[in-house]
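Some notes on the structure that comes next.
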Ligand SMILES: NC(=O)c1ccc[n+]([C@@H]2O[C@H](COP(=O)([O-])OP(=O)(O)OC[C@H]3O[C@@H](n4cnc5c(N)ncnc54)[C@H](O)[C@@H]3O)[C@@H](O)[C@H]2O)c1
């Protein structure tokens, strides 16, 4: 499905991002695993290279414009193109709005929102030149409101609006821009949530199970294929029905 494509996956060292990396690599896509923490990304790249896939790891902070631009330039000079950008890196710094610290507000908006826009900006010209590109952003079911996540919810709401606007701006260039809004997915991020809160969450999920990174990566694969060329500007909830009742 993705043969000869080159993909940059931010936050690809673990969790959902690592599953997207595995899935794309198995489709003969060259995967560049970009993460602020290099070691897991490098281990994943080694694992995939060992299986005969094309993978490399790079340390990248998505909030650092100089780093973002140089990673994109380096990929294009090494591989000739950059076809797919998966803006997956994200963080939480939860607190009730009343008590939230300014630093926690700023950090979450910087990584989740600015850290989606900057890599997107860096890939636009090269994708436009090729008249083909796929950008897939990451929101969350929290955009519908979640106690303790004012910063996170606002950042992901911003990602949806960013997606719609970039989709319009790039529509005539063969580039689609879409967004996936996961529900509660079993990754290190969800494992940090206290057990009693996790159980309460589970009760609210109509299909009565947490999602897996595979559930999310399946949609990434489809949205990045040629079969999805008529889908742009959309946000698709992959949440076992959780958003229906919210
Ligand atoms: N797990 C869930 O239930 C869930 C639900 C909704 C949305 N999401 C979203 O899905 C995405 C992936 O979530 P996850 O659960 O796999 O999280 P995770 O914490 O397991 O992985 C996130 C990755 O992003 C990296 N990262 C953090 N800051 C970075 C930065 N500044 N630059 C580059 N990399 C950075 C981390 O090192 C980590 O490898 C996030 O955007 C998250 O908000 C997750």
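Only the coordinates and a few stated rules stand behind these numbers; no lab work does. Since the structure is predicted, the reported quantities are computational estimates derived from the model, not experimental observations. All Cβ positions, glycine included, derive from the backbone under ideal geometry; neighbour counts span all protein chains shown.
Assorted remarks:
- Within a Gaussian network of the chain (alpha carbon springs, distance under 10 Å), most fluctuating of 71, 21, 62: 71
- Taking the number of Cβ atoms within 10 Å of each Cβ as an exposure proxy, the fewest-first ranking of 102, 74 is 102, 74.
- Ascending count of other beta-carbon atoms within 10 Å, so fewest first, for 92, 66: 66, 92
- Taking 237, 210 and counting other C-beta atoms within 10 Å, the order from fewest to most: 210, 237
- Measure of compaction for region 7-143 (Cα Rg per 2.2 N^0.38 Å): 1.07
- Sum of -39500 (n - 2.57) over DSSP H runs of 4+, divided by residues of the chain (222 nm, nearest 500): -13500 deg cm²/dmol
- Taking N as its residue count, the alpha carbon Rg of region 35-116 over 2.2 N^0.38 Å: 1.35
- Straightening the chain between residue 208 and residue 144 buys 21.1 nm, computed as 0.36 nm per residue apart minus the Cα-Cα spacing.
- Region 90-246 shape via C-alpha gyration tensor axes, a/c threshold 1.5: oblate
- Percent of Cα pairs exceeding the 16 Å cut-off, where the set is region 171-240: 55
- Over region 3-67, equivalent-ellipsoid semi-axes from the Cα gyration tensor in Å: 19, 12, 10
- Between residue 37 and residue 99, the contour length at 0.36 nm per residue exceeds the alpha carbon distance by 19.4 nm.
- Spatial separation of Cα centroids for region 1-47 and region 206-223, in angstrom: 17
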